[in-house]
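The values are calculated or read from the model by the stated rules, or taken from the named source; none is laboratory data. Everything numeric here is computed off the predicted structure, so don't read it as measured data. Methodologically, a virtual Cβ is constructed for each residue, glycine included, from the backbone with ideal geometry; neighbour enumeration extends over all protein chains shown. The protein model used for the area step is the full one, side chains on, heavy atoms only, and it has no ligands, DNA or RNA in it. Shrake-Rupley method; radii C 1.70, N 1.55, O 1.52, S 1.80 Å.
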Amino acid sequence: MQVEHSYEVDVNWVKDRIGILYSPELNDEVQVATPPQFPKGVDKIWSPEHLFTAAINSCLMTTFLSVAESSKLEFHKFTSKAYGKLEMIDGKYLMSEVTLI
């Protein structure tokens with residue numbers, strides 16, 4: 001049996017290097033921008049690199065919660081940190097590593 005899920009995420013450019021991510025499936029919007037390490041990058045706004053790292057970290061949490069529920073594991077707290085690494089490899093930027101702690 002094949003299981004398939006689809007998720008729609010749209011983006012609208014606002015100004016400079018800033019946009020708004022949204023989905024018709026969700027209530028909240030997320031401001032997104034080029035990270036400050038790049039030319040014309042914007043400080044203090046979520047970047048694609050932050051979102052990529054956050055997706056992996058939140059996947060860890062939701063997987064843990066599902067396994068804990070299925071295993072009837074009692075717990076009182078869950079925290080996790082994620083560090084994403086963007087580097088230039090063969091002349092192209094690549095998210096080469098995400099470390100979960």
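Here are a few things to note about the model shown:
- Percent accessible area from carbon and sulfur atoms, the stretch 1-62, protein chains only, probe 1.4 Å: 57
- Here the average projected area of the convex hull drawn through the C-alpha atoms of the chain stands at 10.0 nm².
- Ellipticity at 222 nm from helices only: DSSP H runs of n ≥ 4 in the chain, each -39500 (n - 2.57), divided by the residue count, give -8000 deg cm²/dmol.
- Of all DSSP beta bridges confined to the chain, the antiparallel ones make up roughly 95%.
- Convex hull volume of the Cα atoms of the stretch 19-67, normalised per residue: 85 Å³.
- Principal-axis analysis of the Cα atoms of the chain puts helix 48-70 at an angle of about 10° to the longest axis.
- Residue among Glu29, Glu49, Glu69 with the largest mean-square fluctuation in a Gaussian network model of the chain, springs linking Cα atoms under 10 Å: Glu69
- Summed side-chain charge close to Asp16 - residues other than Asp16 whose Cβ falls under 13 Å, Lys, Arg +1, Asp, Glu -1: +2
- Probe 1.4 Å, protein heavy atoms only - accessible area per residue of the chain in square angstrom: 84
- Dipole size of the stretch 28-80 about its Cα centre, with +1 on Lys/Arg Cβ and -1 on Asp/Glu Cβ: approximately 120 debye, rounded to the nearest 20.
- Dipole axis of the stretch 30-101 (+1 Lys, Arg; -1 Asp, Glu on Cβ), positive-most option in Thr53, Phe78, Leu100: Phe78
- Computed about its Cα centre, the charge dipole of the chain is approximately 400 debye, with only Lys, Arg, Asp and Glu carrying charge at their Cβ.
- Structure remark: mean-square fluctuation, Gaussian network model of the chain, C-alpha springs under 10 Å; the largest value among Thr34, Thr53, Thr63 belongs to Thr63.
- For the residues Ile89, Ile20, Ile45, a GNM of the chain with alpha-carbon springs under 10 Å puts the largest fluctuation on Ile89.
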